[in-house]
Structures are given as C-alpha cells and as structure tokens.
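Okay, so here's the structure we're looking at.
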Amino acid sequence: MSNVEENDLHEENQEGEEVQELSFEELGLDPRLIRALTKKNIEKPTPIQQTGIPLILEGKDVVARAKTGSGKTFAYLLPLLQKLLSDNNTSPSKALAPTAMILVPSRELCQQVYSEVLSLIELCRVQLKVVQLTGEPSFSEMATALSGPPHIFVSTPACVQRCLSSGVLQAKSVHDSLSVLILDEADLLFTYGYEKNLKDLKTHIPKKCQCLLMSATSSDDVESLKKLYLHNPYILTLPEVGDGKDEIVPKNVQQFWIQCSYRDKLLYILAILKLDLVQKKVLIFTNTIDTSFRLKLYLEQFGIKSAVLNAELPVNSRLHILEGFNAGLFDYLIATDDSDSKEKDQTDENKQIEKKKFKKNKKRKVDLEFGVVRGIDFKNVHTVINFDMPTTAAGYVHRIGRTGRAYNTGQSVSIVSPEEMEIFEEIKLFLGGENEDKDLTYIAPFPLLEKNAVEFLRYRAEDVARSVTKIAVKEARAQDLRNEILNSEKLKAHFQENPRDLDLLKHDKLLSKKPPAPHLRDVPEYLVDPTTQQASKFVKLTRAAFGRNNNNGNNRGFKGRVNKKAGDPLKTFSSQGKGMKRKGIGKEFGPKQKKKQDV
C-alpha cells in the first residue's frame, strides 16, 4: 500500500445511474450467510452492498461513503466472511495473528460490529473465530482473546496499539498474517483522538493487505486516511434508492419542529409523550448529562419511565442499556450527545488540549471512547426528539439518521427555543442546498399538537418542573452512577454466561426520592382538547395496526409484513371534521368515547 494521488483513483459513482438489482445469491455469497440474513429478515442487498460486495471480493481497496442506515456494515462484513470461508475451505490457516482487523472509534460500535459478525456466522462458527477488545485490557485478557489466533479482530486503534506494544501481538506476525484491514466510521477515527495510533499502526500493515474505509461523510480526515492506508482505491458514493441527488435526509423520514421558549421545552415534550402523539420507540437527544437527568426526573413524575445513556456510565452498563432498548424492554431512551463538541475541538488543536486538561480535572471520569450518535444501530426507533438542538447541521443529520433505517419509516421532532433559531435556520439551509428556487420546507411544523392541549397541562407541568431542582438532578446523577457501577461487575460476569437475560437489571427505574403522585399518571379528559384527543387515538390505532404497541416491552413486535407507507397519522390526520379516516376507507377510524387519555 502506498500513498496515492487524486488522479490515480478509480471512481464508481452511481448517482444518476440505475443500480442493477442483484440478489445475495447472485453476489456469490455462501448459503450459510444467506440463511443468516434470512433469519434477520434481510431479503435483498442495499445499493452500497450490491456495488461494494463484488469489488471487495475481487480484493480491491474501497472507500465507501453512504448515508447512515444504508447498510455499510454488511457491505464489508459479508464479503469479508465469504473470503474467509473460501480460504478455510481451500487451505487450512497457519496464521499467527488475526487475518482481518476491523477498527472502530467507540466501544459501543465495537460491540455492535462484533454482535453482527456473530449473527452472520451462526451456522459456521466452527470454521471462524471472532473476538473484540476495547479500553485498556490487562495482559492476560489480551493474551486470552488473541490466542488461536482469531480470524477477525474487532477493536479500537488504541487497543490494537496496546496489544502490539505489550507483545501480545507480534509485529512480524501481523505483517505476515493480516490480509484485510477495515476502518469503520473512518470520518470519526481522528475526531476520537486516534490519529497517532493510526499513524503508528501503518508501519505494521503489509503492502499486500486489502484496506477498506467506510464513512457517512467526506472530510479531510477521510482523505488523510485514504492517502495513508489505501492504494488505488475505488470510491463509492451511493445515495439511497429513490433519493434525489441533493437529498440529505431520506424521504422515509418525516421532519417536524416545535417553537417554544427554553423554559417550556419540558412542557412540550410532556404533551407529546403523555398525549401519545408520536410512535414508539422514542430516542431523545440532549446536549448535557444534567439535562438528561432533569428530563428523566421530570417525566417519571408523570409515570413515563425512561433510561439515560451517557459517557459517565461503565461500559458494561452502557452496552446493557443499548441491548435492553433494542430488545424493547423500555420505550424511551434519553441520550447525551456531545459529539458536536468533539468535532469542533478537533479542528482547533489548542482547544483540544484545553479540553483534555479540563477532563482530567473533572471529578467524574468520562469515557472518551463513548459515541452514541454515529454508527450505533438503534433497533426499530420510530421517533427521534431533539430536546436540545445540535450545534451543527451535520450533527442534526446524524441524529435523525437513528430512525428510518433499512427502508423503515421514521420521524423526528425538534423542540426549538429562540436561542436555537440561528442553528435551526442553518440546518434548514443545509438541507435545502444552495438552490434559491428550492422549497426549504424539509422541516414542517408538528401538526398533531394543538396550543390548547399544551396550555391545559401547563399548571401541572410547571408545578413538577419547580420540584426538579439542581440539587435533585445532582443527587439523581450520583445515585444512577453508583447503581450502574455496582451493576457493572454483575453484568460483566452474568451476561457472559446468560446473554439472553437482558431484563435482570432495569435501567429505567425511578430515581426520585418520592414516588410519583397518582393523579399525575393520567390526563383527565377535560384537559385534552378534542382535536388532540382524536390525533392521539389515531396514533395508537396506527401503532396497533403496525404491531408497534410494546406494552412496556412485553410484546416484542409484529413479525408479519405490513405496508409501511399506509396509515401515517402525520400525513392523513386532519383537524377538520369529526374523525380520522384511513386512506381509501370512508368510515370513522377509532373508538368514539373514552373517559381517560391512556398512555
């Protein structure tokens, strides 16, 4: 592998061209891999997979840039596993180091990729071995994991460098054995502080090694990695099928916004969730850990349970929270997103140094390998709520990318305060492009929430908001951290032996010292205006029709096929008339009377 000039690159850009429809069988994949895909309800390859898999099977270096949720992970895993299975069938391996390395920026993404590999090799685990390592493992942990050695090693650049410097991985063995190197979420690797690790690692990578870069965006960091690791690569930049050339957010994701004062944000999110105006599951983004816990304390007073995900938690607890949310054990996850600040600091070295000094002085330890917005595949998220607006337009796109994945429908609701209008206008311009004639109405006002419905809840909401003080937030934050630290060791030991026991520990339990008042759990009918009440009924009935009514996780979802485009309440609901109608059906849709508004 050597540095390449721009004019040496082969480009393969399918924008404006029809992508030939190919099946997994036609791509030449092993029947066992195809059966594993069928078990995961994946029937046909995405555009990035149709184009990328043949190139990777041919041994080409590839830079793949595609939108979040486009299937980039399987675009490299499937051909990698196919090559390993073929090599095992033709000649037994005598390698002294892993045959393939997959480097990712965060622990959560490492766990996700590892789990995906395990699911794909379920029928051929005797032939293939995969391990993962992150953080700062001990010498014995590294030696145990890499004994054998494994065919696939999933890790972060810092952890791989640690294995090399400790001698667990011998440089000569890596040089002789490594045949495939994959840099996933390549545009984040430098942002997470791995630049030195990647440059040091380059000296151990053999020239014959095939290198793949997977990224959601193009950046100077990706260009640097491309020149550092790749030789004469193919550049793949593929949009989703049916997307316009300049469409940034897929059409299957509807975007809405609500304008209110910062003080009223709690009131509005309460109205949205308590009146059941959005489909579950719901992922809520905040910008600070304190805001996350304030929101959790506030919602639980109204009987709305949620879990909080942030960088303070032990890694085992974070992974367990993600697994529980993906399994449907709880419907609301509040995630602290500080990725925008990481990306800003990366552009200014002095700021980054100051930030590191600041982190060292903090009492609580924050995991720098934590990442929740990019790469992590939240399963079946239908609604993303921006309680706090991100600080960049790119951050907004990455958040919204957590829904509408794999051709599913989704929606986002951004609650925008006057202080956030500037970034909101930047986001609208970013989504609309530079075409002055283009309609910049990508983000529409949220249609299901009437002003009266919000005002009817104001008295109760403000009374509860006053009780969620800074001291209460501080105590809840400390209590949650203590609980998770105690749980972490139990998790580490227990879930290695019982991986299916996801609900042993509950991460959405109450943190308030006082139990919620019973009268706050239900919204009396007289507090809900008729239009909002009808909207809520329609959302519930649509959820039931789509099999999305989780009932606190007891129902794990509807496995049958449904028409995902039909019955969208945000498209078919009208405040005119007495009831809502299904598309093409002329009867009222929904029960006529109900004494209380259930949630």
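Using 0.36 nm per residue, how much length does the chain from K207 to A327 gain when fully extended, once their Cα-Cα distance is taken away? Intermediate results must be reported in sequence, preceding the final value.
Working: separation 120, 0.36 × 120 = 43.20 nm, distance 4.23 nm.
Full extension from K207 to A327 adds 39.0 nm.
Could you check the simple spin-label distance between E455 and D176, using points 7 Å along Cα→Cβ, in nm with one decimal?
8.0 nm
Within the set K172/K379; K44/K196; K39/K60; K280/K474; K83/K251, which residue pairs have Cα atoms separated by over 32 Å? Display every interim value, and only then the final one.
Numbers: K172/K379 40 Å; K44/K196 39 Å; K39/K60 29 Å; K280/K474 29 Å; K83/K251 35 Å.
Among K172/K379; K44/K196; K39/K60; K280/K474; K83/K251, the Cα-Cα distance tops 32 Å for K172/K379; K44/K196; K83/K251.
Using the beta-carbon distance between K44 and V126 and R0 = 41 Å, what value does 1/(1 + (r/R0)^6) give for FRET efficiency, to the nearest 0.05? Before the final figure, lay out each step's value.
Working: r = 28 Å, r/R0 = 0.69.
Approximately 0.90, to the nearest 0.05.
List the trypsin sites (Lys or Arg not before Pro) within the stretch 191-230 that fall in a DSSP loop (any state other than H, G, I, E or B) and whose Cβ has at most 16 other Cβ atoms within 10 Å. Intermediate results must be reported in sequence, preceding the final value.
Values: sites: K196, K199, K202, K207, K208, K226, K227; in loops: K207, K208.
Sparse-neighbourhood loop trypsin sites (Lys or Arg not before Pro): K207, K208.
Specify the inter-centroid distance of the stretch 182-235 and the stretch 67-130, based on alpha-carbon positions, in whole Å.
Value for the Cα centre distance between the two parts: 18 Å.
Between I385 and residues 5 or more places away or on another chain, which pairs have amide H atoms under 5 Å apart, with H built 1.01 Å from N, and which residues are they?
Hits under the 5 Å cutoff: L283, I284, F285, V413.
Rank the residues Y234, Y268 as a footprinting-exposure proxy: fewest other Cβ atoms within 10 Å of their Cβ go first.
Numbers: Y234 19, Y268 22.
Starting with the residue having the fewest Cβ neighbours, the order is Y234, Y268.
Could you derive backbone 3J(HN,Hα) for the stretch 393-402 from the dihedral phi with the Karplus parameters 6.51, -1.76 and 1.60 (θ = phi - 60°), listing whole Hz in sequence and x where the residue is Gly or Pro?
5, 4, x, 4, 4, 5, 5, 4, x, 6
Can you pull out the GluC sites (Glu not before Pro) in the stretch 43-147 whose DSSP state is coil and whose Cβ has at most 10 other Cβ atoms within 10 Å?
On the way: sites: E43, E58, E108, E116, E122, E141; in loops: E43, E58, E122.
Passing sites in the stretch 43-147 are E43.
Report, in debye and to the nearest 20, how large the dipole of the stretch 6-238 comes out about its Cα centre when Lys and Arg carry +1 and Asp and Glu carry -1 on their Cβ. Display every interim value, and only then the final one.
On the way: 23 positive and 29 negative charges, 204 e Å.
The dipole of the stretch 6-238 has a size of about 980 debye.
Could you work out how much longer the chain between I471 and L118 gets when fully extended? Use 0.36 nm per residue separation minus the Cα distance between them, nm to one decimal.
On the way: separation 353, 0.36 × 353 = 127.08 nm, distance 4.43 nm.
Stretched out fully, the I471 to L118 stretch lengthens by 122.7 nm.
So which trypsin sites (Lys or Arg not before Pro) in the stretch 39-141 end up in coil per DSSP with only 10 or fewer other C-beta atoms within 10 Å? Please list the in-between numbers first.
Details: sites: K39, K40, K60, R65, K67, K72, K83, K94, R107, R125, K129; in loops: K40, K60, K67, K94, R125, K129.
Here the trypsin sites (Lys or Arg not before Pro) that fit, given the DSSP loop and packing criteria, are K94, R125.
Computed from the coordinates by the stated procedures, all read-outs in this text should not be read as laboratory data. What you see is a predicted model; the values in this text were computed from it and never measured. Please note: Cβ atoms are built from the backbone with ideal geometry, for glycine as well, and neighbour counts cover all protein chains shown.
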